[in-house]
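**Q** Pasting a structure here, questions to come.
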Amino acid sequence: MSSIKAIFFDVAHTLLEKPTVMPAMHAVLEKHGVTVPLHELRARHAILMEAVEFPDRTDHVFYRRFNAAVVRALGAMPTSELLDDLFAATTYQPWTPYPDVAALERIGLPRGILSNWDESLEEKISGALPFDFQWILGSAAQRFRKPDPAFFHLILEATGLQANEIAYVGDSMKLDIEPATRLGFQSILIDRESLFPYSPLPRIGSLAELESML
């Protein structure tokens, strides 16, 4: 990837995480008699996120439906009491940077963001991450959403570069890696939970590995 002149990132579950959500969900499920290893819960939750379309702004109705799908994927019944407890315990938790985000300061390339996010994206990025991004493209502001190729084309318009001169890092095959790869970007899958061990595409388990790939 020696020809790379800029690098773009997804945000949710790539740069920012909600570290309290999975332990809280795990505790609620245990309380309701659903016993599952935490790593298995993380895996099934992540796979369902690949299958479900998340809106820019989520609400009670959306999370109730999504949590019901998670519970069913574990072979349990999504009772009203369980869903109420899951919503109360896991919703509206704060976004925080992954610890490995600090490694990006060592990468001497212009950085950008392309993310499905509401109007608060720039404020969220500036408040959570300790370095600047030259380009911040959010779905709510741009009126496009991943995986729409038109959204990715905005990167080319903003940078003036060719797709093969840009690395794109994301955690979702459906929203990030597949559309970016089809358009010719140098795509890199961030797979911290090793959910895609058989992927033939460039894949890293930590952002600390990124510098050596560029």
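Only the coordinates and a few stated rules stand behind these numbers; no lab work does. Being a predicted model, the structure only gives us computed values, none of them experimental. As a convention, Cβ positions derive from the backbone with ideal geometry for all residues, glycine included, and neighbour counts pool all protein chains shown.
**Q** Per DSSP H run of at least 4 residues, take -39500 (n - 2.57); add these up for the chain, divide by its residues and hand me the 222 nm value, nearest 500 deg cm²/dmol.
**A** It comes out at -10500 deg cm²/dmol, rounded to the nearest 500.
**Q** Go through segment 189-206 residue by residue and turn each phi into a ³J(HN,Hα) via Karplus (6.51, -1.76, 1.60, θ = phi - 60°); whole Hz please, and just put x for glycine and proline.
**A** 8, 8, 10, 5, 9, 6, 7, 10, x, 9, 5, x, 8, x, 9, 10, x, 7
**Q** Right, next: So what's the gap between the Cα centers of segment 47-82 and segment 132-190, to the nearest angstrom?
**A** 27 Å
**Q** If I stretch the segment between Leu109 and Thr20 completely, what's the gain in nm (0.36 nm per residue apart, minus their alpha carbon distance), one decimal?
**A** Working it through step by step, the gained length comes to 28.9 nm.
**Q** Another one. Roughly how big is segment 65-116's charge dipole about its Cα centre, with Cβ charges of +1 (Lys, Arg) and -1 (Asp, Glu), in debye to the nearest 20?
**A** Computed about the Cα centre, the dipole is about 260 debye.
**Q** Straight-line reach from Lys124: which lysines have Cα under 21 Å away, leaving out those fewer than 8 places along the same chain?
**A** Cross-link targets: Lys18, Lys146.
**Q** As I understand it, the value is the acute angle between the Cα axis of helix 60-73 and the longest principal axis of the Cα atoms of the chain; what does it come to in degrees, rounded to 10?
**A** 80 degrees
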